[in-house]
Amino acid sequence: MSHRILLLGAPGAGKGTQSKRLAAEYGIDHVTTGDALRANKEMETEYGTPKSFMDAGELVPDPVVNEIVQAALDDADGFVLDGYPRNLDQAEYLSSITDLDAVIFLDVDEDVLVDRLTGRRMDPETGDIYHVEFNWPDDEAVQERLVQREDDEEDTVRDRLEVYRENTEPVIEHFRDRGDLVEIDGEAAPDEVFDRIADVVEG
Ligand code: ADP
Ligand code: ADP
């Protein structure tokens, strides 16, 4: 059976970490606007490059991200969608192009989010997500190649959380009002969060 899963949550809530595992577990595509935009940061669009918005912690204009998501979902049998929709217009666009089987919100407090984002490190070779304190790799070769995302510096982190409160929290409310939202404590250990998501997906 294919699954169409939407994972919602603030920056740093653990969407990427969980999505990677869900994609592997269920053999579905991980559709993430953040990674897609980072891979095309310098692409010229009529609004400018994605980079100009991302470096400031702002949202990339809707037409650019809507197109990325539509193309990715067209190609996918099942998917876990991560990082989209980030405002109500994107939510409306999404509902016009697909149905969802599960809408899950990872709930994490703001002070925890700041620590998670500023300590986040990425493996440029595998795309794996680590943390200086909460999830440090044992392999020294991996440790040495880890990098910090530019927008994970504290100033930009604060801006991104502000953008989240203003634009994305209404999306959470929208799904909550529709009665579709399943809320999971995102502050639990990663394995526990994964088990709870799997219960929802398989339930
Ligand atoms: P998002 O995609 O929602 O921004 P990530 O999956 O990139 O979030 O996680 C943000 C940071 O928090 C990463 O450094 C990750 O290793 C760490 N992290 C993710 N889930 C947990 C968890 N349940 N407990 C502690 N740290 C976590
Ligand atoms: P995080 O892991 O912290 O949630 P992402 O990797 O999802 O961050 O996003 C990084 C940046 O990419 C955002 O700050 C924003 O500039 C841009 N971006 C990602 N997804 C979207 C989207 N759906 N709409 C607009 N901008 C987006």
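The values are calculated or read from the model by the stated rules, or taken from the named source; none is laboratory data. What you see is a predicted model, and the numbers here were worked out from it, not measured in a lab. Quick note on the areas: whole protein, heavy atoms, side chains included, nothing else; ligands and nucleic acids left out. Shrake-Rupley method; radii C 1.70, N 1.55, O 1.52, S 1.80 Å.
Entry note, the stretch 69-184: relative contact order of 36 percent, from Cα contacts under 8 Å with a spacing of 6+ residues. Accessible surface comparison of ASP75, ASP199, ASP159, probe 1.4 Å, protein chains only, largest first: the order is ASP75, ASP199, ASP159. Per-residue Karplus couplings for the stretch 175-190, computed as 6.51 cos²θ - 1.76 cosθ + 1.60 with θ equal to phi - 60°, are listed in order as 6, 5, 4, 6, x, 8, 8, 9, 9, 10, 5, x, 8, 5, 4, x Hz, Gly and Pro entered as x.
Tell me, what is the per residue accessible area of the stretch 59-139 in Å², probe radius 1.4 Å? Display every interim value, and only then the final one.
Numbers: 3970 Å² over 81 residues.
Averaged over the residues of the stretch 59-139, the accessible area is 49 Å².
Computed over the chain with a Gaussian network model linking Cα atoms closer than 10 Å, the most mobile of ASN40, ASN66, ASN167 is ASN40. The lysines whose alpha-carbon is closer than 23 Å to the alpha-carbon of LYS51, local same-chain residues fewer than 8 away aside, are LYS15, LYS41. Rolling a 1.4 Å probe over the protein heavy atoms leaves LYS41 with an accessible area of roughly 50 Å².
Across the accessible surface of the stretch 138-203, with the other protein chains kept in place and a 1.4 Å probe, carbon and sulfur atoms take up 38 percent. Full extension of the chain between VAL112 and GLN70 yields a length gain of 11.9 nm, computed as 0.36 nm times the residue separation minus the alpha carbon distance. Rounded if a/c is under 1.5, else prolate if a/b beats b/c, else oblate: with a ≥ b ≥ c from the C-alpha gyration tensor eigenvalues square-rooted, which is the chain? The shape class here is rounded. The distance separating the Cα centre of the stretch 160-203 from that of the stretch 31-55 comes to 25 Å. Here the Karplus relation 6.51 cos²θ - 1.76 cosθ + 1.60, evaluated at θ = phi - 60°, turns the backbone of the stretch 8-17 into coupling constants of 10, x, 5, x, x, 6, x, 4, x, 4 Hz, with x for every Gly and Pro. Available extension along the chain between ARG149 and TYR47 is 34.4 nm, counting 0.36 nm per residue and deducting the alpha carbon span.
Between amide H atoms placed 1.01 Å from N, distances below 5 Å from GLY78 occur with HIS3, ASP29, all of them 5 or more places distant or on a separate chain.
Each Cα pair under 8 Å and six or more residues apart adds its separation to the average, and for the stretch 22-78 the resulting relative contact order is 39 percent.
Rounded to the nearest 500, the 222 nm mean residue ellipticity of the chain from helices alone is -13500 deg cm²/dmol, with -39,500 (n - 2.57) taken per DSSP H run of at least 4 residues.
Tell me, what is the percent relative contact order of the chain, built from C-alpha pairs under 8 Å that lie six or more residues apart?
Working: 293 pairs, mean separation 62.5, N = 203.
Relative contact order of the chain: 31 percent.
Heavy atoms only, probe 1.4 Å: what % of the accessible area of the stretch 1-107 goes to carbon and sulfur, would you let me know? Working shown, then result.
Working: 2100 of 4750 Å².
In the stretch 1-107, the share of accessible area belonging to carbon and sulfur is 44 percent.
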